[in-house]
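What follows is one structure encoded as structure tokens, with my remarks underneath.
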Amino acid sequence: MKITYQWLKQYMNWNASHDKLEEVLTDLGIEVEGSHPTLAKFQDVVVGFVTHCKPHPDADKLKLCEVDVSQAELLTIVCGAPNVAPGMKVPVALPEAILPFGQLKPRKIRGVFSQGMICSEEELGFAEKSEGIWELDDSYEVGEDFRSYFDEDIQIELSITPNRP
């Protein structure tokens, strides 16, 4: 059975850490198989606004996008997603960002230097598979830390034996 630390705290008077909770559950005879954060590991991802898109000069399926992330200048990002378009709010991994698959390295893509990456739900660890970039609604503010829109929690996996209904 999987539960979250914050959910369990709603039903009990508990102010200690999740590690201590796991210890108490084990002492009560409920085996804790493991725990992990509910959000994937990512940082330096902000909300961006796609201002312009044009075809990449050396690639048929790539686009050069100008993205506003509330910095001094617009970022030029090479993107291969079919659904990217001007006017979209999107999660943007800045150069050197840490993503679930590793650290983003600034590089040239087909001769054009990409200053980050427009992310899909899959690339940020929110989905197993996604068809294109993640289009955000108007509740997201350009330049804000994308992680701040989600609650941090710990998922605890319990092994409930047949003698403990």
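The values are calculated or read from the model by the stated rules, or taken from the named source; none is laboratory data. Model, not experiment: these values are computed from the prediction. Neighbour counts are summed over all protein chains in view; Cβ atoms, including those assigned to glycine, are modelled from backbone coordinates with ideal geometry. Calculation scope for accessible area: heavy atoms of the full protein, side chains included, ligands and nucleic acids excluded. Shrake-Rupley method; radii C 1.70, N 1.55, O 1.52, S 1.80 Å.
Selection within segment 135-165: residues that are within 11 Å of Val47 (Cα to Cα) and among the hydrophobic types (A, V, I, L, M, F, W, C). The member of this set that is surrounded by the fewest Cβ atoms within 10 Å (Cβ to Cβ) is Val142. Among all positions in segment 131-145, there is no residue which is assigned to a helix (DSSP H, G or I) and charged (D, E, K, R). Filter segment 37-94 down to residues that are in contact with an Asp or Glu (Cβ under 6 Å, 6 or more places away or on another chain) and part of a loop (DSSP other than H, G, I, E, B) and give me whichever is surrounded by the most Cβ atoms within 10 Å (Cβ to Cβ). Ranking the qualifying residues of segment 37-94, first place goes to Met88.
Checking Val32 against (1) within 27 Å of the chain's Cα centre (by Cα); (2) modelled with pLDDT of 85 or more; (3) in a helix (DSSP H, G or I), only one condition comes out false. Which one? Against the list (1) within 27 Å of the chain's Cα centre (by Cα); (2) modelled with pLDDT of 85 or more; (3) in a helix (DSSP H, G or I), Val32 comes up short only on (3).
Results for (1) within 30 Å of Thr26 (Cβ to Cβ); (2) touching a strand residue (DSSP E or B) at 6+ places or on another chain (Cβ under 7 Å); (3) at pLDDT 95 or above; (4) charged (D, E, K, R), shown as yes or no for each residue.
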residue	(1), (2), (3), (4)
Leu62	no, yes, no, no
Phe101	no, no, no, no
Gly111	no, no, no, no
Gln115	no, yes, no, no
Ala127	no, no, no, no
Glu131	no, no, no, yes
Glu144	no, yes, no, yes
Tyr149	no, no, no, no
Glu157	yes, yes, no, yes
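Here the condition is being touching a helix residue (DSSP H, G or I) at 6+ places or on another chain (Cβ under 9 Å), in contact (Cβ under 8 Å) with a residue 12 or more places away in the chain and either more than 17 Å from Ser148 (Cβ to Cβ) or not acidic (Asp, Glu) (or both); of Leu94, Leu99, Leu74, Leu39, it holds for Leu39 alone.
For segment 1-36, the tally of residues that are among the hydrophobic types (A, V, I, L, M, F, W, C) and open to solvent by 60 Å² or more (accessible area, probe 1.4 Å) stands at 4. All told, Glu123 falls short of being loosely packed, with under 14 Cβ neighbours inside 10 Å, without any contact (Cβ under 8 Å) to a residue 60 or more places away in the chain, acidic (Asp, Glu) and touching a strand residue (DSSP E or B) at 6+ places or on another chain (Cβ under 8 Å).
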